[in-house]
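What follows is a short report on a single structure.
Just so you know, all these numbers are worked out from the coordinates, no wet-lab data involved. On a predicted model such as this, the values are computed, not experimentally measured, just so you know. FYI the Cβ positions are ideal-geometry reconstructions off the backbone, even for glycines, and counts take in every protein chain you see.
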Amino acid sequence: MISVTHIERFAIHDGPGIRTTVFLKGCTLCCPWCANPETQSSQPVLLHDMRKCVSCHTCEQSCPQKAIHFQKGRFHHDAQRCNGCQSCVEMCLQDALQLRGEDMESEAILHEVMKDKDYYDMSHGGVTFSGGEPFVQVTSLCEILQEAKALGLHTAVETTGNYPLADLQRAEPFIDLFLYDFKHLDDAKLLQFTHGNGQLIKTNLAYLLHQDVHKVIVRMPIITGFNDEASLVYQELDYLHALGVQSVHLLPYHSLGKSKAEQMGKPYVFPTEIMANEVLEPYRAYALAKGMYAQIGG
Amino acid sequence: MKHKINIDGAQNVEVSKPIPCEKSIEEQLNIMEAYTKAHKDSVGLDKAEREIRCLSTIFPVLFRSLEDDDLIAGRLDFLPIGFGSVTSIGGVGHYCVFHKLRAFKEQLTNTEDKKRVDALYDYWQEHDVKAIYCQDVLTDDTTGRFIDCHYPFMATARLSGMMLNYKRLMREGIEGLKKDIRQQGDNTFLRASYEAMELLQKVIDKQIALVQDAKQNASKQRLLDLQLMEADLRFIREQPPTTFHQSLQLFWIYALCAGVINYGRMDDVLGPYLQNDLDAGRLDEDEAYRYLKSLWKMIENRRTTVNGRIIVGGVGREHPKEADTLARIALRVCRDTRYVEPQFTLRFSKDTPVDIMDMAYDCIGSGATYPTLYNDDVNVPAVMHAMRVEEAIAQQYVPFGCGEYVIQGKSVGTPNTLLNLLKLLNITLNKGIDPNDQKYKAGPVHVPPCEEFKSFDDLYNTYKEVLDYYFDLSVDAQLHSYEVMNQEVSFLFTSILMDDCIHRKKALLDGGVEILGGTNETYGNINTSDALYAIKKLVYEEGKYTLAQFHEAQMADFDGYEHIRKELLRQDKYGNDAKECDALANDLYEYVAKGIRQRGIQKGLGYYLIVISNNQTNTDWGHQTWASLDGRKAGVFMNPANNPQGGAAKNGPTACLNSLAKFQAKYHGGSVQNIKFTPRMFREDREKIKMLFQTYFDKGGCQLMVTVVDHGILEDAQKHPEKYPDLIVRVAGYSAVFVNLTKDIQDELLSRCLYD
């Protein structure tokens, strides 16, 4: 079984060609700008859309676990009590609730993925496992990757690299492409903001590059107020180049995670303005001049 | 005696506003009276003779002056009384459009003149071809006129979608046609046909006079154009055309006289003349572009809303190289003009040049909604089966109007019958009674109370019995439309260019046309299969509800039954690549398609096929269709064409296209698939979108109509229409300027998924 938040078909920015992306639950980082905050926890997460809610309390009344209550008019969900029965979701006439997180058999996931096999074949696409951090469920991940390869699928992962090298070594043979996040050169800053282990991430990246440099695309999310200082970005590109990275995606900051964070009752402290592609153009030119392939966006 | 059925009311979808008649009110009234007198005086004469006498009262007088930039002569006005083929301009055969005649009367001040109009109104109530037809087939319960959405079935008399054999016209010229007619011998049809060609020459004389009028006060530059027009008119009056401009002119003037509003594979007709001129240095591409742009304007100015088809590309052309030269220029014209008509259509196959496909995508990406894309690799074999014709004939298929196929120059395929499958399901669930007006509409079929359906098959089989009854009504109504039209008129101009009327010496519907086909527009297909699927799952498989509970909720329009509605909405819907749900949709599709097709064969029609094409009738008919068990509320639009209900497709474009590709094209006579992207996605992810489309086409997708429009633009255009005078959208089988649509149609468009 694998815990999944959702499966997105016709994903066209998660690797080459037309793909299906499977978003897995759980993450070893806790980036506050995360685009998919509902994937961070390994437990199912209940999203509550305040704009749709009319405070009728039907959800509260329908919950057999008493996991929902309203305090001073505000919705509260107790994830520890919740058993994921979805009664509240089914009873809400406003469609204000969504439960994200479901255990699925790998066979069922791949059945869904295989529905678009013809599109992958036409476009050199395939399946991408994303999250969260797909390596949180490394054993299940290895199993499903093996099955996917047996079905002739091109496999990709979107990964933070923040896990033991041994896990990476287990899964690497079944992965055709790593979309490898590189968020910050400074380990202390990374730890402070994301709880990530920069040294581990760098070691794992070096390992992958040593295995097969063509299997790795480094993705650099440029986050306003975190890593968007020009001198830092240039330094990072120098570092990656020196490491042997050949392909870089520069991802402009966006605030797509804001709405979901709010639906989870979490504060979202990063700006709402999205970053224009043009801001990243000098970095792209810099990387190109160094002989790396570079593009803006995924 | 049956009581008189009043057919006064809208008779076609009219979004584009017609250009007002150039004639004075008095002149218009005089012409209508002259037409009516000719009709009256020719009582007892053969229909062909009567037709030519009547035509002589409107041709050439109804032709109007040239516009300042016209490069082709031929602009025609229409009056509420006259002769025609289709309801979009004028009417059918000897016609009176009653509501327009009433509006005409409103403009009069003089009581005497008003009485003159009343006399015309009274006369035509007895003689309008469509009225005669309606008296025979309309009923109080089952069968309504087109467009009266209170009925589950609508029937009409019209001759839509005729696409003529213009190659014959080009080859023979007018004198050649006259000679050919004469050589066939002598009967009233041939005599009248000969006179029709003489009348065509009079029409050309009139154009010459109009060009001469335009020469007065023309600039030096304009004079050059007018001189060419005059010379070419004189030439084609006597000779077959030899140049591109002459061929355009002859085609156009003939199409106007025939009253046809779909044109067909003009690349293969005009391409050789164009190429010849280019090769000889008589013409350069810029000049060709200018002529073609003028044709585009002439077609747009006819304002036929759901028609104006020009088709380029595809297999089975005689002159593919020359035709592609024209196609390339036409693609540029289409992109630059951004008109809603012509409905510019690209037929393509694996052999279509890559640059033409790329130009087509660029044109679509510019927001033109054109060209609509038709996949020959699927459609040609499908048409062979559907119409039971050889490959060489199937290769000449052309979509007209909202997407129905005919064989150019060889078949009649007018959609004179329309079925609302969803209304019929509601009637089946409600003891044969339509919940909208409480009338019993199930004919002889025994429909028990819904609680007596012990299994899903019980329900489904009874529904099929109701469908069968309506299929029988349909085929009879379709056939009867031909009988009535044939009894009244010969459609002379159309007959002359349809194989093989002249050589058979018979008018089109008198045994003249080689393939007498027909089509039946079906509506609410997907709401129906989604409703059946929800019933099957929740009542008969899971046992969560009884059908009686569902029925009770449905009759209340789900008021107080919101949880049931939510449960219904949560079920799998067509358009999400859900196997079981799509399988049921396909089962229903095949039952309906085969049921209609088989009845056509049994009754001796060349073909009779369903079309899932859609204009805006899904919305209009939805207003008169009660809540349905797919979770749709009463009065809400039904699903467009063969697409999911707005908001139901939630799994992205691959899933939606996979659902669409499951219906085999060989059972229908045209099925429309709409898809919408943002300009950003269409621009930045073009290569992936092309591969998305290619995969869909390889999987059996027969066609696509693509709208490229931005998030929020349509919503903003609803609020500030003045800012969006040229925002074009694909409604289903036609394109329209968004702000010209009524709010309910706009809402239906907004409900559809926009991929970004």
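Structure summary
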quantity: Rg/Rh (Cα only; Kirkwood hydrodynamic radius) as it applies to the stretch A:1-148; calculated: 1.03
quantity: The stretch A:46-100: equivalent-ellipsoid semi-axes (sqrt of 5 x gyration tensor eigenvalues, Cα, Å); calculated: 15, 12, 10
quantity: Nearest-0.05 FRET efficiency for A:GLN192 and A:GLN146, computed from C-beta distance (R0 25 Å); calculated: 0.10
quantity: Debye log10 I(q)/I(0) for the stretch A:109-158, one point scatterer per Cα, at q = 0.14, 0.21, 0.28 Å⁻¹; calculated: -0.33, -0.72, -1.13
quantity: Amide H contacts under 5 Å for A:THR128, placed H, 5+ residues apart; calculated: A:THR20, A:THR21, A:VAL22, A:ALA156
quantity: DSSP-defined antiparallel bridges as percent of all bridges, the protein assembly as shown, nearest 5; calculated: 40
quantity: Quarter of the Cα convex hull surface for the stretch B:25-140, i.e. its orientation-mean projected area (nm²); calculated: 9.0
quantity: Cα extents of the stretch B:547-660 along the three principal axes, largest first (Å); calculated: 51, 32, 28
quantity: When the stretch B:1-75 is reduced to its Cα atoms, the Kirkwood hydrodynamic radius in Å; calculated: 15.6
quantity: Two-site label geometry, B:ALA119 and A:GLN235: point separation in nm, points 7 Å out along Cα→Cβ; calculated: 9.9
quantity: At R0 = 56 Å, FRET efficiency that the Cβ-Cβ distance of B:ARG102 and A:GLU102 yields, to 0.05; calculated: 0.35
quantity: The protein assembly as shown: calculated mean residue ellipticity at 222 nm from DSSP helix runs of at least 4, using -39500 (n - 2.57); calculated: -14000 deg cm²/dmol
quantity: Qualifying trypsin sites (Lys or Arg not before Pro) in the stretch B:640-675, DSSP loop, other Cβ atoms within 10 Å at most 13; calculated: B:LYS650
quantity: Candidates per trypsin sites (Lys or Arg not before Pro) in the stretch B:495-566, loop by DSSP, up to 14 other Cβ within 10 Å; calculated: B:LYS544
quantity: Extended-chain gain in nm, criterion 0.36 nm per residue less alpha-carbon gap, B:GLU541 and B:ASP279; calculated: 87.3 nm
quantity: Cut-off 11 Å between beta-carbons: net charge of the residues surrounding A:LYS25, Lys and Arg +1, Asp and Glu -1; calculated: -3
quantity: Modelled FRET efficiency - R0 41 Å, B:ARG64 with B:ASN187, Cβ distances, 0.05 increments; calculated: 0.75
quantity: ³J(HN,Hα) computed for each position of the stretch B:42-53 - Karplus, 6.51 cos²θ - 1.76 cosθ + 1.60, integer Hz, glycine/proline x; calculated: 9, 4, x, 7, 4, 4, 5, 5, 4, 4, 5, 5
quantity: Phi to ³J(HN,Hα) by Karplus 6.51 cos²θ - 1.76 cosθ + 1.60 over the stretch B:374-380, Hz, x for Gly, Pro; calculated: 10, 8, 5, 4, 8, 6, 5
quantity: For A:SER41, residues with placed amide H under 5 Å, excluding near neighbours; calculated: A:GLY26
quantity: Over the protein assembly as shown - Rg/Rh using Cα atoms and the Kirkwood inverse-distance radius; calculated: 1.02
quantity: Range of Cα positions in chain A per principal axis (Å), largest first; calculated: 61, 44, 34
quantity: Rounded to 10°, Cα long-axis angle of helix B:188-215 versus longest principal axis of chain B; calculated: 70
quantity: Antiparallel bridges, percent of DSSP beta bridges restricted to chain A (to nearest 5); calculated: 40
quantity: The stretch B:510-596: GluC sites (Glu not before Pro) in DSSP coil with no more than 15 other Cβ atoms inside 10 Å; calculated: B:GLU542
quantity: Dimensionless Rg ratio for the stretch A:71-218, taking C-alpha atoms and the 2.2 N^0.38 Å reference; calculated: 1.29
quantity: Backbone HN-Hα couplings from phi across the stretch A:103-110 [Karplus 6.51/-1.76/1.60, Hz, Gly and Pro as x]; calculated: 7, 10, 6, 4, 4, 5, 5, 5
quantity: Net +/- balance of residues flanking B:PRO240 in space, Cβ distance below 13 Å, scoring K and R +1, D and E -1; calculated: +1
quantity: Length released on extending from B:GLN718 to B:GLU126, taking residue separation times 0.36 nm less the Cα-Cα span; calculated: 208.8 nm
quantity: Percentage relative contact order, the stretch B:25-140, counting C-alpha pairs under 8 Å, at least six apart; calculated: 18
quantity: Charge tally in the Cβ shell below 12 Å around B:GLY264, where Lys, Arg are +1 and Asp, Glu are -1, B:GLY264 excluded; calculated: +4
quantity: Over the stretch B:366-502, equivalent-ellipsoid semi-axes from the Cα gyration tensor in Å; calculated: 37, 21, 15
quantity: Principal axes of the stretch B:255-355: Cα extent on each, largest first, Å; calculated: 34, 32, 27
quantity: Tail fraction, Cα-Cα pairs, chain B, threshold 53 Å, whole percent; calculated: 9
quantity: B:ARG317, A:ARG19 arranged by Cβ crowding within 10 Å, fewest neighbours leading; calculated: B:ARG317, A:ARG19
quantity: Potential lengthening between A:GLU8 and A:HIS214 on full extension [0.36 nm per residue; Cα-Cα distance subtracted]; calculated: 71.6 nm
